[in-house]
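Below is a structure I'd like to ask you about.
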Amino acid sequence: MGVPKGRRRIVVAVAALLALGAVAAVGYRVLAPAEVVTPARGTLPPPVTPAIGVIGRLPVAPLIVEGRLRVYAAQRQVYADRPADSRHRVTPYWSYRRWPAQVNGVLATGSTVLTRWSDGKLVALDGRTGEVAWRADGPTPGAGFTARRTGAGVVWDPQGIFVASGADGRAVLVVSGEGRLRGYALADGRELWRADGPAGCRTDLGTTADGRVATLDTCTAATVEFRDVATGAVLTRWRPPAAGAEPVVTPLGCLTPRSQCRGLRTSAPGDAAGRGWLLGAGEPVPAPTLDAGDSTLVGEIAVGDDGGVLKGWAARTGKERWRRGDLGRVRVLAIEPGRVHVLTDQRDLVTLDPTTGAQRSRFPLTVGQDGIGWVPGLAYAADGYLAVERLRERAGPDDDDQAYFLMAEPVVLAAT
């Protein structure tokens, strides 16, 4: 006997519901918000002192953590490999992944790796183990993963995330987004203060070496506000002279991107040069040695090109401290405490002592048969390491990654 027609319809309906439920369950498991922590296994490598010279090529941009590990960012993942002087990228030592949020910024300070996500979540990771130290809700950045395939724009030039130390020495994380500004205790993620304003008015500049947060308010006569990093209270308001209604303000002499900076350069839109300033208590102090657009600040020393001669000046007095006329034309790639890294036209990497101009190291920044037919992109330096993107000589900002980067492994890593 066959199944009665009415009962057959019920069976078909039930089967359809079960199938739909199974699809929904699978879809939820795949698409539901998720966090996957894969902590470190094995031994934490000791800090190493690698031999001076090129270490190798990498497909992605690293952050160096304590001279032990390298940390990278992908669209939805932050991960590390070891040791810091490995010639190639190797199997991840630890990994942290979120879905569906995207990585928006990564910052390493000490042994802590701070990550910011497109949904506004802040997640601090123990850089040695990859385990979550704390989580907090922050201002949404208004963007997702903004970097090219190397991830350099997220790890070497993150936007809206800074660190500084307060007067009591405690480290503070400052995060901005859509007109909102927040301060968090770096140790545990506790919110310390908040300052909100119109989203279209505030441009975040960074933090200063003396524990202040600098922002540019273009809705009140182009005023730079300096806030106490521990409380958020406004300490100083300063209007850059002769910079117009919408000045360009560039932080200088920062320890990490726009964090703990010692100077500023102000200019009108479209100007190649401007006016240099030193930061300290009160209003910024003029520093003419920082006026040129290619000059930089390393501690208290201004470094820049003067008619084809690389010079170092005492930034506060303008007194020349040293000169190097033997290098030819150079480009400053990156700075770090005690080092300024410059690249010659012949693609030699020269590392100098910023106080004396003495050469610490010099070697060709080339790997194998790669040659010197490239131009530098973003660069990064920490713990004596330097990494730089290599771009094709005619690369333009609108090119896709294949036409933009020199090769599949465009990042060269060196020890100086």
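The values are calculated or read from the model by the stated rules, or taken from the named source; none is laboratory data. On a predicted model such as this, the values are computed, not experimentally measured, just so you know. Using ideal geometry, Cβ is built from the backbone for each residue, glycine included, and neighbour counts are taken over all protein chains shown. Side chains included, ligands, DNA and RNA excluded: accessible areas come from the protein's heavy atoms. Shrake-Rupley method; radii C 1.70, N 1.55, O 1.52, S 1.80 Å.
Where in region 268-340 are there strands (runs of 3 or more DSSP E), lying fully within it, with 1 or more residues that are among the β-branched types (Val, Ile, Thr)?
296-298, 301-306, 309-314, 330-336
In addition: Regarding region 307-317, can at least one residue be identified that is among the basic types (Lys, Arg), within 30 Å of residue 171 (Cα to Cα), in contact with a Gly (Cβ under 9 Å, 6 or more places away or on another chain) and touching a residue at least 24 places away in the same chain (Cβ under 8 Å)?
Here is the first cut: in region 307-317, the residues among the basic types (Lys, Arg) are 311, 316.
Okay, now just the ones that are also within 30 Å of residue 171 (Cα to Cα), so 316.
From the residues that got through so far, the ones that are in contact with a Gly (Cβ under 9 Å, 6 or more places away or on another chain) too are none.
The answer is no; no qualifying residue exists.
Out of curiosity, is residue 235 without any contact (Cβ under 8 Å) to a residue 24 or more places away in the chain and either closer than 19 Å to residue 167 by Cβ or among the acidic types (Asp, Glu) (or both)? I'd like the intermediate steps shown before the answer.
On the way: without any contact (Cβ under 8 Å) to a residue 24 or more places away in the chain: yes; either closer than 19 Å to residue 167 by Cβ or among the acidic types (Asp, Glu) (or both): yes.
The answer is yes for residue 235.
Continuing with this model, one more query. I'm told residue 130 meets every condition in (1) touching a Pro at 6+ places or on another chain (Cβ under 6 Å); (2) open to solvent by 10 Å² or more (accessible area, probe 1.4 Å) except one. Can you identify the failing condition by its number?
Single failed check for residue 130: (2).
Report the residue count in region 83-95 for those that are closer than 17 Å to residue 106 by Cβ and either without any contact (Cβ under 8 Å) to a residue 60 or more places away in the chain or open to solvent by 20 Å² or more (accessible area, probe 1.4 Å) (or both).
Residues in region 83-95 being closer than 17 Å to residue 106 by Cβ and either without any contact (Cβ under 8 Å) to a residue 60 or more places away in the chain or open to solvent by 20 Å² or more (accessible area, probe 1.4 Å) (or both): 5 in total.
Let me confirm something: among 48, 71, which residue is at pLDDT 95 or above, among the β-branched types (Val, Ile, Thr) and under 30 Å from residue 260 (Cα atoms)?
Going through 48, 71 in turn, the sole match is 71.
For region 297-333: of the residues being buried (at least 22 other Cβ atoms within 10 Å of the Cβ) and among the small types (Gly, Ala, Ser), which is nearest to residue 284 (Cα to Cα)?
315
Does residue 100 satisfy the condition of being surrounded by fewer than 18 Cβ atoms within 10 Å (Cβ to Cβ), over 22 Å from residue 415 (Cα atoms), at pLDDT 95 or above and not β-branched (Val, Ile, Thr)? I'd like the intermediate steps shown before the answer.
Numbers: surrounded by fewer than 18 Cβ atoms within 10 Å (Cβ to Cβ): yes; over 22 Å from residue 415 (Cα atoms): yes; at pLDDT 95 or above: yes; not β-branched (Val, Ile, Thr): yes.
When the stated conditions are applied, residue 100 passes them.
Taking the condition within 28 Å of residue 153 (Cβ to Cβ) and modelled with pLDDT under 95, does residue 293 pass?
Judged against the criteria, residue 293 is a match.
Next up: Being open to solvent by 10 Å² or more (accessible area, probe 1.4 Å), out of contact with any Phe, Trp or Tyr (no Cβ under 7 Å at 6 or more places or on another chain) and farther than 27 Å from residue 209 by Cα is the requirement here; does residue 353 meet it?
no
Starting from region 394-416, keep only residues that are buried (at least 21 other Cβ atoms within 10 Å of the Cβ), then list their pairs with residues that are among the basic types (Lys, Arg) and not in a strand (DSSP E or B) whose Cβ atoms are within a distance under 6 Å, requiring at least 6 positions of separation or different chains.
That search, which allows pairs on different chains as well, returns 406/392.
In addition: Under the condition of being surrounded by 17 or more Cβ atoms within 10 Å (Cβ to Cβ) and acidic (Asp, Glu), which residue from region 222-256 is nearest to residue 293 (Cα to Cα)?
225
Further question: Looking at region 327-344, can you tell me whether even one residue there is out of contact with any Gly (no Cβ under 6 Å at 6 or more places or on another chain), among the aliphatic types (A, V, I, L, M) and farther than 27 Å from residue 84 by Cα?
Yes, region 327-344 contains a residue that is out of contact with any Gly (no Cβ under 6 Å at 6 or more places or on another chain), among the aliphatic types (A, V, I, L, M) and farther than 27 Å from residue 84 by Cα.
Only one of (1) out of contact with any Phe, Trp or Tyr (no Cβ under 6 Å at 6 or more places or on another chain); (2) open to solvent by less than 10 Å² (accessible area, probe 1.4 Å); (3) under 25 Å from residue 192 (Cβ atoms) fails for residue 124. Which number is that?
(1)
Table: residues versus (1) in contact with a Gly (Cβ under 7 Å, 6 or more places away or on another chain); (2) open to solvent by less than 30 Å² (accessible area, probe 1.4 Å).
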| site | (1), (2) |
| --- | --- |
| 195 | yes, yes |
| 203 | no, no |
| 220 | no, no |
| 258 | yes, no |
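Just a yes or no: is a residue in region 361-371 surrounded by fewer than 16 Cβ atoms within 10 Å (Cβ to Cβ) and aromatic (Phe, Trp, Tyr)?
Yes, region 361-371 has at least one match.
One residue is enough: does region 23-36 have a residue meeting the conditions at pLDDT 75 or above, touching a Pro at 6+ places or on another chain (Cβ under 9 Å) and not in a strand (DSSP E or B)?
no
Residues that are of a type in the set (A, V, I, L, M, F, W, C), at least 3 per element: which strands (runs of 3 or more DSSP E) completely within region 112-207 meet that?
Because the criterion is at least 3 residues that are of a type in the set (A, V, I, L, M, F, W, C), the strands (runs of 3 or more DSSP E) in region 112-207 that meet it are 112-117, 121-126, 132-137, 161-165, 171-177, 191-196.
Mind checking which pairs have a first residue in region 367-388 that is farther than 21 Å from residue 337 by Cβ and a second that is at pLDDT below 95 and open to solvent by less than 30 Å² (accessible area, probe 1.4 Å), Cβ under 6 Å, 6 or more apart or different chains?
No pair meets every condition.
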